[in-house]
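First the structure, in the form of structure tokens, and then the observations on it.
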Amino acid sequence: VTYVYEKAGQVVVHYTDEKGNTIQVDAVDTKDGKPNADYNTADNDMKPNRITTPEGKVYELVPASTKGDENGSVEAGKTTEVTYVYKEVKGNVVVRYVDEAGNAIAEDVKDTTDASVSSAYDTTDNKLAVITTKDGKKYALVPTATKGAETGKVTEGTTEVTYVYKEVTGDVVVRYVDTEGNVIAEDKEDTKGASLNAKYDTTDNKPEKIEKDGTVYYLTEKAVKDDSKPENGDVVEGKTEVTYVYEKAGQVVVHYTDEKGNTIQVD
């Protein structure tokens, strides 16, 4: 009597990326399986939806790219191979620039695009100290207001780092002095917190006459002091001072005398 035997079969699962590179060691689904016995590699942990490599890269299964039959019958003396294909999960890092009210003042910058998850990123090379907009407004970075981590590890999806800026503004103050440089009236705040390059005009704060302590002063013909800023122009960073100069009023007195100089009527 002769009994006939056939070799056992194997079922092995491979894990690769889209280029065919191995991303995880092979798994044996069926070892020394009986010929014609059923196997199913999708029935257990042989088919993970995601794989994280030791270096932190993350891969996601691409079901349509599976190679080989996930289920079937063990073949005598053969190794059946099933290959699951995965696509790397990547992340982006975007830098945004906003004012204190949250309004965008410059276009977003792609600091990192399609980077491996867990890889390092650093947005400080895209951290501008000053931004000047197309309309001439100037903004300075507020370091303590930054939102998001400037450095770190890339995560799935999009990581946003937002740099916050405060508008750099200017003031215009009007001063009033006499011809000797003495202040004869309180300063007037003509423009406060105005955007740079905005227009200013102090002529609405230029009175023709000022009275102080009983003394009357009139605006001089030249009006503006030699070292003063012009009475109208563009706002600049900091304080712009426009100084108007006044001179004391004059008097005309009439005396009445006789031919000897004696007063004959009060002035």
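The values are calculated or read from the model by the stated rules, or taken from the named source; none is laboratory data. The structure presented is a predicted model; accordingly, all values stated were derived computationally and were not measured. Glycine gets a Cβ as well: all are built from the backbone with ideal geometry, and neighbour counts include every protein chain shown. Keep in mind that these areas ignore ligands, DNA and RNA; they rest on the heavy atoms of the full protein, side chains included. Shrake-Rupley method; radii C 1.70, N 1.55, O 1.52, S 1.80 Å.
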Could you say whether any residue in the range 42-51 is within 30 Å of Lys134 (Cβ to Cβ) and under 51 Å from the mean Cα position of the chain (by Cα)? no
Just wondering, is there one or more residues in the range 63-73 that are in contact (Cβ under 8 Å) with a residue 60 or more places away in the chain and among the hydroxyl-bearing types (Ser, Thr, Tyr)? no
Scope the range 178-208; condition in contact (Cβ under 8 Å) with a residue 40 or more places away in the chain, over 16 Å from Val235 (Cα atoms) and not acidic (Asp, Glu); matching residues: Thr179, Ile184
Looking at the range 186-199, which of its residues are open to solvent by less than 30 Å² (accessible area, probe 1.4 Å) and either closer than 18 Å to Asp227 by Cβ or among the aliphatic types (A, V, I, L, M) (or both)? Ala194, Leu196
Could you tell me which residue of the range 49-98 is surrounded by the most Cβ atoms within 10 Å (Cβ to Cβ), considering only residues that are polar (S, T, N, Q) and part of a strand (DSSP E or B)? Thr80
Kindly evaluate Asp32 against the criterion of being open to solvent by less than 30 Å² (accessible area, probe 1.4 Å), charged (D, E, K, R) and either in contact with a strand residue (DSSP E or B) (Cβ under 8 Å, 6 or more places away or on another chain) or without any contact (Cβ under 8 Å) to a residue 40 or more places away in the chain (or both). no
Exactly one condition in (1) assigned to a strand (DSSP E or B); (2) in contact (Cβ under 8 Å) with a residue 60 or more places away in the chain; (3) within 30 Å of Asp114 (Cα to Cα) is not met by Thr169; state its number. (3)
Looking at (1) within 30 Å of Val28 (Cβ to Cβ); (2) without any contact (Cβ under 8 Å) to a residue 40 or more places away in the chain; (3) of a type outside the set (Ser, Thr, Tyr), which is the one condition that is false for Asp108? (1)
Pairs, first under 21 Å from Lys138 (Cα atoms) in the range 237-250, second of a type in the set (Phe, Trp, Tyr), C-beta under 9 Å, six or more apart: Thr240/Tyr200
With respect to the numbered conditions (1) in a strand (DSSP E or B); (2) open to solvent by 50 Å² or more (accessible area, probe 1.4 Å); (3) out of contact with any helix residue (DSSP H, G or I) (no Cβ under 9 Å at 6 or more places or on another chain); (4) modelled with pLDDT of 95 or more, which one is the sole condition not fulfilled by Asp204? (1)
